[in-house]
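Nothing in this text is a laboratory measurement; each read-out follows from the coordinates by a stated rule. What you see is a predicted model, and the numbers here were worked out from it, not measured in a lab. Cβ placement follows ideal geometry from the backbone for every residue including glycine, while neighbour counts extend to all protein chains displayed.
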Amino acid sequence: MNGLYLTFFKRILPLKQLAMLLILSAFAVFTGIKLYNSLSKDVKIIDNGKPIVVKTMSASVEQALEKLDISVRPVDYISMPLNASLDNDSMNVINIKRAVPVNLIIDGQLREVWSYRDTVEEVIKENGITLNPLDRLEGLTLTSQVSSDMVIRIVRVSEEITTEKENIPFAVVEKPNKTMNEGETRVIVRGEDGIREKYFKITYEDGRPVDRLFVNEKVVKDPVDQVVEYGTVMNFRNSRGELVRYSKVLNMRATAYTSSYADTGKSPDHPTFGITYTGIKAREGVVAVDPKIIPLGTKLYIEVPGSAPDYGFAIAGDIGSAVKGNHIDLYFDTREEVRKWGSKKVNVYILNEQNDSRWKNNTNACK
């Protein structure tokens, strides 16, 4: 075909004119190429990591992308503004990072966002979320790479120290009281419970308590011991309902006597008739004892076991040649009473209070 055109031009044009035409054509082509090269721009587009290198006559980034049918969404990243002019003298590099959907769960709420960031940490910061020191990610780390439809769950973690109070029961201290009756008690210092404070660290995740750890404890109030006195004085109720307090009880054989000549060998006109060994006038309530067993002057209560009336309150004020050991001789006013008494087994209580007012006031006691 070229040979036909050349033959055609040879027939029409002279040889010199043909040569000139060829030179002009070549110059035009060279000039056009040079002009294109001077006006075109080198562009390298990296679209989500895939590079494309082109030459373009486009004046701006937006025009270049349109000619290549590349669209950029508002959520995507582009390294140059769309209205930026392309440089004729150097390679224009346009980096595009495509955003992907990400699900953020925080404070119990789901937030659907788009992000072109590389790591979880960058997505969190991009969305204005501040992580507290104790917060954690569920199944991820801050350096985890972002992927499409990823779920980033942020667990809010907080701690607080709580205080619990508990009572410290007071102790009861018992002290004997030698002036109180057995069975009697008296509070002399009222007890008070102490208070102990216990400290616990409570860990919350998204507002729910998940852990409780004992930290420490201290006593903020010491307990006060309750002091109770208890009686040690032995006692019993006699047949008349009186409380008899004693320190010792003796099981003895009791006989009876009077001031009569038959019992004492003294007649009424004798200067010491009716006067006991201790100088006390003989009357009911005065008894003869063995001083080795019961010291003279000792206050007594003489109980008759069974249904018989007690002899009652008495004083050891006399002795007798026949009164030895666990033998006691009780004074009566008449021989008839002595006869009725005979000999009995009795319980002789050594009174706890030797100046007992009941003994003094007893009508049968010696005055």
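Observations on the model:
- Counted by Cβ distance under 14 Å from R117, the other residues give a net charge of -2, where Lys and Arg count +1 and Asp and Glu count -1.
- Mean separation of Cα contacts under 8 Å (6+ apart) over length of the range 126-280, as relative contact order %: 21 percent
- Between K198 and D222, the modelled labels are 2.3 nm apart [label points 7 Å from Cα along Cα→Cβ].
- Chain lengthening between Q109 and V215 when straightened (0.36 nm per residue, less Cα-Cα): 34.8 nm
- In summary, the aspartates and glutamates within cross-link reach of K299, defined as a Cα separation below 13 angstrom excluding same-chain residues under 8 places away, comprise D318, E353, D356.
- Given K248/K292; K281/K345; K178/K344, the pairs whose alpha carbons are separated by over 23 Å: K281/K345; K178/K344
- Listed candidates (1) 18, 24, 21, 16, 11, 6, 3, 1, 0, 0; (2) 28, 55, 15, 2; (3) 17, 18, 12, 11, 10, 10, 9, 6, 4, 2, 0 - label of the one calculated as P(r) over Cα pairs in 20 Å bins from 0, in percent: (3)
- Hull-based mean projected area of the range 106-153, where the convex hull spans the alpha carbons, in square nanometres: 3.3 nm²
- For the peptides 76-89, 292-305, 205-218, the ranking by mean Cβ contacts within 10 Å, running from highest to lowest, is 292-305, 76-89, 205-218.
- Longest to shortest principal axis, alpha-carbon extents of the range 240-361, angstrom: 41, 28, 28
- Per-residue Karplus couplings for the range 216-230, computed as 6.51 cos²θ - 1.76 cosθ + 1.60 with θ equal to phi - 60°, are listed in order as 6, 8, 8, 8, 9, 8, 6, x, 10, 4, 8, 9, 10, 8, 10 Hz, Gly and Pro entered as x.
- Förster radius 56 Å - calculated FRET efficiency between R156 and I188 (Cβ-Cβ, nearest 0.05): 0.45
- Counting charges near D87 (Lys, Arg +1; Asp, Glu -1) among other residues having Cβ under 10 Å from its Cβ returns a value of -1.
- Within the shell defined by Cβ-Cβ distances under 14 Å, the residues around R190 carry a net charge of -3, with Lys and Arg each +1 and Asp and Glu each -1.
- Largest GNM mean-square fluctuation among S259, S321, S148, using the chain with Cα springs under 10 Å: S321.
- Partners of K55 within straight-line reach, counting lysines whose Cα lies under 26 Å from its Cα and excluding those fewer than 8 residues away in the same chain: K34, K41, K44, K67, K97.
- As a proxy for reagent exposure, ranking M150, M57 by other Cβ atoms within 10 Å from fewest up yields M57, M150.
- The listed peptides 172-178, 192-198, ordered by packing as a protection proxy, come out as 192-198, 172-178 (highest mean of other Cβ atoms within 10 Å first).
- Between helix 15-39 and the chain: long-axis angle, C-alpha atoms, 0 to 90°, nearest 10: 10 degrees
- The length gained by stretching the chain between F273 and D333 to full extension, at 0.36 nm per residue less their Cα-Cα distance, is 20.3 nm.
- Residues whose amide H lies under 5 Å from that of V173, counting only those 5 or more places away or on a different chain, are Q226, V227, V228; hydrogens are built 1.01 Å from N in the peptide plane.
- With bins 10 Å wide beginning at 0, the percent of Cα pairs of the range 160-230 falling in each bin runs 19, 28, 19, 15, 11, 6, 1.
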